[in-house]
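Report on the structure given below.
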Amino acid sequence: RMVAGAVFRTGAAGADELLVIDRPGAGPQFPDGPILDGEDADDAAVRVLREQTGVDAEVRLLIVTVDEVQAGQQRRRSIVILDADEGGPGAWEHGGACCRWVPYADAELDEAHQPWLDLVRVDLA
């Protein structure tokens, strides 16, 4: 079981911004990781976000759980929308990855993660 978090904040210009992570050798992604034993998707999304970016956020809603195949293995992934506080840097390094806020309207993710962003956009429309 895996979780991915679509993390939003209101940017300086008043527009929604989306948090993306650029890891070495990969394009922009949502923070994502495993759901640990005893965790639900909401708790896991908050934990993974904090571990991977240093950002704290509150859960807005769980939008979808999808079954997918990665590296020949069946996985269940939950997509959670989170809200972070305004302010803070526009970009920073955390754990070897570059974290940055991008305008939601212009956001694009790498090929593997783009379908998750598409699900978020459908749900928020």
(request) Using the structure shown, decide if L119 is part of a strand (DSSP E or B) and open to solvent by 50 Å² or more (accessible area, probe 1.4 Å). (result) no
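Filter the range 11-32 down to the residues that are of a type outside the set (A, V, I, L, M, F, W, C) and open to solvent by 50 Å² or more (accessible area, probe 1.4 Å), then identify the one that is farthest from the chain's Cα centre (by Cα). Explain how you work it out, then say what you get.
Filtering the range 11-32 down to residues of a type outside the set (A, V, I, L, M, F, W, C) leaves 11, 14, 16-17, 22-25, 27-29, 31-32.
If we keep only those that are open to solvent by 50 Å² or more (accessible area, probe 1.4 Å) as well, we get 14, 16, 23-25.
On the way: G14: 20, D16: 14, R23: 13, P24: 17, G25: 18 Å.
In this case the residue turns out to be G14.
Go over the candidates R77, R23 one by one and state the one that is modelled with pLDDT under 95 and either touching a Leu at 6+ places or on another chain (Cβ under 8 Å) or under 15 Å from V120 (Cβ atoms) (or both). Working first, answer last.
On the way: R23 fails: either touching a Leu at 6+ places or on another chain (Cβ under 8 Å) or under 15 Å from V120 (Cβ atoms) (or both).
Just one listed residue meets the conditions, R77.
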(request) Check the range 42-59 and report whether any residue there is surrounded by 15 or more Cβ atoms within 10 Å (Cβ to Cβ) and part of a strand (DSSP E or B). (result) yes
(message) Cβ-Cβ under 6 Å, sequence separation 6+ or interchain: first residue in the range 92-116 and under 21 Å from R50 (Cβ atoms), partner of a type in the set (G, A, S) and in a helix (DSSP H, G or I). Which pairs?
(response) none
(message) Could you check the range 6-34 and list, in sequence order, the residues that are hydrophobic (A, V, I, L, M, F, W, C) and closer than 20 Å to P115 by Cα?
(response) A6, V7, F8, L18, L19, V20, I21, A26, F30
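The values are calculated or read from the model by the stated rules, or taken from the named source; none is laboratory data. Keep in mind that this is a model prediction, so the values were computed, not measured. A quick note on method: Cβ atoms are made from the backbone with ideal geometry, for glycine too, and the neighbour counts reach across all protein chains shown. When the accessible area is computed, the model is the full protein with side chains, heavy atoms only, and any ligands, DNA or RNA have been set aside. Shrake-Rupley method; radii C 1.70, N 1.55, O 1.52, S 1.80 Å.
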